[in-house]
Amino acid sequence: MKKRCVIRRLLASGVAVVLAFSLTGCSVPEKRFADALYNEQIVVDDGTIYITEDVENVRYQDDFYEYINEEILEEVELGPTDAQWSWFGELDAVVSYDMKQMIRRLVNSKQEYPKGSSEQKIRDMYECISNIENRNQTGLGPLQPYLDMIREAENIDEYVEALACLSGQFGFSSIVGGYYVSQDKEDSDRNAVYLMYADTLIGKEYLESPQLQPYVSMYYQYMVDMLMEFGMSKEEAVTVQGQIDVLLRDICASTLSAEEYYSPELTYNVFTKEELQDLYTNIDIDEMLKLLRIDMVDTYVVIDVEQAKKINSLLVEENLQVLKDFSTFVMLNDVAEYSTEGYAKLYDNMTNMMYGISESVSDEDSWMYLTQDLLPWDFGKIYVEQYYEEESRQQIETMIAEIIEVYKDMILEQSWMSDETKKKAIRKLETMCVKIGYPDEWPDSMEMMQVTPISEGGSLLSNLLVNMQVSIEDTLASILGEADREEWGMTPQTLNAYYNPSNNEIVFPAAILQSPFFDVDADYAQNLGGIGFVIAHEISHAFDSNGAQYDEYGNYASWWSEEEYQRYLELAQEIVEYYECYEVIGEPVDGVLTLSENIADLGAMACITKILEGDTAALSDAFIQFAYIWASEETVEYQMYLLGSDTHAPNKVRVNAALSACDAFYEVYDIAETDGMYVAPEDRVGIWK
């Protein structure tokens with residue numbers, strides 16, 4: 001029987017992302033733990049919660065997110081350089097400010113720093129980035145020979161050879177030849193080579209959405225401008241853009257969707273060299289693998305098989321010119337930020353238009369962001385030394401241990417799971433690796449990355465290529481060895497957290513362990529609503545629609561009975577339908593795209609409320625803090641971008657949907673059937689209820 005679907009129109013939606021980059025620069029005075037709400041509007045009397053007055057424009061019964069965040073969101077005014085404001089962006093700006101101050105001190109210092117020290121690398125990298133005259137003189141410099149190989153290729157074999165040389169040396173890829181090395185999904189103790197899919201530029205979601213065609217037109221104008229900057233006439237550039245459009249749409253028609261790329265069932269496809277040759281009949285696979293320097297392994301994982309088949313069909317002589325033009329633009333686009341003033345400005349203008357930004361950040365800010373991006377681990381080490389408070393770790397470890405124990409209890413309570421499967425699920429929790437703050441050992445790539453100053457013949461582009469070569473050499477060194485389970489996928493200064501299914505690990509970088517997510521002086525319930533929710537969310541990823549397919553060792557393996565997994569899929573489908581009843585800016589949430597993150601949100605909420613069960617005051621504190629950490633504002637353009645590509649639901653939906661599906665929320669607040677937050681008990685979804 002189909003459930004009645006009530007469209008929830010959330011017009012002032014927030015679309016921040018736990019794992020998203022930040023485009024924010026505006027500053028909002030911190031209102032730690034929404035003190036005004038605690039002091040004036042929410043009163044506890046004999047364990048019952050009373051909210052004494054409504055804010056001006058909304059009732060908490062109709063929109064809890066807006067009610068809790070109205071005051072702070074009224075103070076947020078996106079500046080002309082902003083696509084988004086969120087607490088992630090706000091705290092990232094604080095970290096970046098500290099790093100900028102450090103860059104300024106180094107640039108103005110007369111001190112000589114040892115060659116290879118972080119101080120030397122940062123100062124010389126900044127000089128290369130900020131010296132526009134040198135960047136203009138360098139042009140495409142060391143990349144020009146590789147670009148010439150592409151442009152001058154006389155047949156498909158020479159074209160593929162050029163792409164393989166470029167990828168083998170630096171890691172650039174456009175349509176074929178890209179790869180990365182990561183843990184093998186079926187044997188997480190060793191590494192595997194994953195052959196990447198084609199660069200679809202603006203992406204399948206944009207190209208195939210009727211509503212997003214104006215953005216596609218903006219992007220294509222950027223393509224024309226870039227090709228003209230490269231030296232084509234306007235007429236030629238327009239013609240080439242049209243031909244690339246046809247090529248791109250053909251490729252995207254055979255490309256996995258954004259949500260499908262998260263499915264190991266679809267993306268883990270092991271091929272021998274012989275099978276690869278059968279897949280790519282129009283190129284010499286042995287020669288390409290040699291040029292890529294990955295011919296020493298016996299098998300390869302093809303991530304998108306149908307797209308690979310399509311690309312093979314396109315690798316014919318009649319398409320040679322459009323393929324060369326396509327790869328030329330991909331390279332120009334990839335290096336635009338690091339190249340001449342002309343290319344960099346075009347790239348910046350395009351990004352601004354796509355995300356609804358009306359003004360670029362200052363040149364100095366842009367240069368400093370690039371410096372941090374190119375030397376992430378050097379900045380990470382400095383951040384830990386100067387800003388990280390070690391005492392945070394113990395409190396976080398204690399909280400994680402409690403959350404894991406509660407998840408065990410929740411699993412044991414599931415009537416639809418067998419005892420054998422419950423034991424395996426609990427084993428996965430017990431063996432889960434926890435990483436907090438920063439790695440015990442800094443990655444080899446930090447030392448391998450050396451910066452050559454302008455005075456010794458260096459340039460921004462040459463140092464970028466060194467950076468990319470370091471990554472390639474570091475990758476090749478690990479290709480035949482055991483997987484490094486101690487490796488971190490994020491730097492300490494990253495405002496983020498993640499679960500890695502191949503390592504069965506949760507990771508919380510140092511930067512997220514600060515207010516409003518975590519405060520050593522805050523009440524436990526408030527911290528549970530902040531960092532506790534983030535922790536529980538990441539742990540829940542071990543059992544989301546993707547993580548549930550990996551065992552306790554991080555191997556892609558079936559550990560459910562067929563009947564249990566079918567019940568799991570039925571519960572997941574209910575979650576898809578539930579979230580698709582929500583709208584932002586007139587567009588429905590994509591319940592399939594956001595499924596894994598929604599499962600994690602619902603599981604985290606169930607876990608946090610179980611910890612605080614029966615304590616209405618503590619639950620209220622946690623609910624308020626939960627809503628508060630997801631406060632955000634975005635441009636319409638950026639919201640549209642996230643709706644089509646982000647695996648997280650918009651922030652307002654994340655808050656209201658999770659709370660409306662939580663029984664404890666109704667026990668704490670007086671939510672009636674006629675209220676906007678109300679969802680009937682039988683429609684309150686979740687895997688781990």
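The values are calculated or read from the model by the stated rules, or taken from the named source; none is laboratory data. If you're wondering where the values come from, they're calculated on a predicted model, not measured in any experiment. Here Cβ is always computed from backbone atoms with ideal geometry, including for glycine, and neighbour counts include all displayed protein chains. In case anyone asks, the SASA skips ligands and DNA or RNA and just uses the protein heavy atoms, side chains included. Shrake-Rupley method; radii C 1.70, N 1.55, O 1.52, S 1.80 Å.
Surface composition of region 525-570: carbon plus sulfur atoms contribute 47% of the solvent-accessible area (1.4 Å probe, protein chains only, all chains present).
Which distance in nm do the two modelled labels at GLU563 and THR281 give, with both placed 7 Å along the Cα-to-Cβ direction? The modelled label-to-label distance comes out at 4.6 nm.
Per residue, region 514-584 exposes 32 Å² of accessible surface when a 1.4 Å probe is rolled over the protein heavy atoms with every protein chain present. Taking amide H as placed 1.01 Å from N in the peptide plane, the amide H of VAL193 sits under 5 Å from that of VAL301, each at least 5 places away or on another chain. When peptides 117-126, 239-248 are ranked by their average number of other Cβ atoms within 10 Å per residue, the highest-first order is 117-126, 239-248.
For the chain, the alpha carbon positions stretch 80, 62, 48 Å along the principal axes, listed from largest to smallest.
Between GLN386 and TYR97, the modelled labels are 1.4 nm apart [label points 7 Å from Cα along Cα→Cβ].
Of the peptides 651-662, 167-178, the order by per-residue mean of other Cβ atoms within 10 Å, starting with the highest, comes out as 651-662, 167-178.
Each residue of region 179-194 was assigned a 3J(HN,Hα) from its phi angle through the Karplus curve 6.51 cos²θ - 1.76 cosθ + 1.60 (θ = phi - 60°); the sequence is 7, 8, 10, 8, 4, 5, 5, 9, 8, 5, 7, 10, 9, 9, 9, 9 Hz, with glycine and proline shown as x. Expressed as a whole percent, the accessible surface of region 141-185 that belongs to carbon and sulfur atoms is 41, based on a 1.4 Å probe. Placing unit charges on each Cβ (+1 for Lys and Arg, -1 for Asp and Glu) gives region 409-553 a dipole about its Cα centre, and among LEU495, ALA522, ALA536 the Cα reaching farthest toward its positive end belongs to ALA536. Size descriptors for region 355-514 (Cα atoms only): Rg and Dmax, in that order, 20.6, 70 Å. Using θ = phi - 60° in the Karplus curve 6.51 cos²θ - 1.76 cosθ + 1.60, the 3J(HN,Hα) couplings for region 258-269 round to 4, 6, 5, 5, 8, 9, x, 4, 8, 9, 9, 10 Hz; x is entered for Gly and Pro. For region 153-263, the solvent-accessible area with a 1.4 angstrom probe is 40 square angstrom per residue.
Please compute the per residue accessible area over region 388-453 with all protein chains in place, 1.4 Å probe, rounded to a whole number of Å². Numbers along the way, then the final one.
Values: 3440 Å² over 66 residues.
Heavy-atom SASA per residue in region 388-453 reads 52 Å².
Straight-line cross-link partners of LYS204 among the lysines, defined as a Cα under 24 Å from its Cα and at least 8 positions apart when in the same chain: LYS309, LYS310, LYS324.
For the chain, adding -39500 (n - 2.57) for each run of n ≥ 4 DSSP H residues and dividing by the number of residues yields -15500 deg cm²/dmol at 222 nm. Exceedance of the 29 Å cut-off in Cα-Cα distance is limited, within the set LYS115/LYS381; LYS121/LYS345; LYS100/LYS652, to LYS100/LYS652. The accessible-area ordering, largest first, of the residues CYS581, CYS433 stands as CYS433, CYS581, per a 1.4 angstrom probe. Ranked by the mean number of other Cβ atoms within 10 Å of their residues, highest first, the peptides 561-567, 423-429 come out as 423-429, 561-567. Accessible area per residue was computed with a 1.4 Å probe on protein heavy atoms; HIS541 scores about 20 Å².
In order along region 493-508, phi translates into HN-Hα couplings of 7, 7, 7, 5, 7, 7, 10, 10, x, 6, 10, 6, 9, 10, 10, 10 Hz, rounded to whole numbers, per the Karplus curve 6.51 cos²θ - 1.76 cosθ + 1.60 with θ = phi - 60° and x for Gly and Pro. When you filter the chymotrypsin sites (Phe, Trp or Tyr not before Pro) in region 283-356 for DSSP loop state and at most 12 other Cβ atoms inside 10 Å of their Cβ, nothing is left. Subtracting the Cα-Cα distance of ASP409 and ALA477 from 0.36 nm times their residue separation leaves 20.2 nm of extension gain. Under the simplified labelling scheme, the ASP148-GLN321 pair shows an inter-label distance of 2.3 nm, with each label point 7 Å from Cα along Cα→Cβ. Here the accessible area of region 218-340 is 47 percent carbon and sulfur, with a 1.4 angstrom probe and all protein chains present. Near the amide H of TYR582, within less than 5 Å, lie the amide hydrogens of ARG8, VAL589, all on another chain or at least 5 residues away, with H placed in the peptide plane. Residues whose amide H lies under 5 Å from that of GLY437, counting only those 5 or more places away or on a different chain, are PHE508, ALA510; hydrogens are built 1.01 Å from N in the peptide plane.
Just the number, please: percent antiparallel of the DSSP beta bridges in the chain, rounded to the nearest 5. Here the share of antiparallel DSSP bridges comes out near 70 percent.
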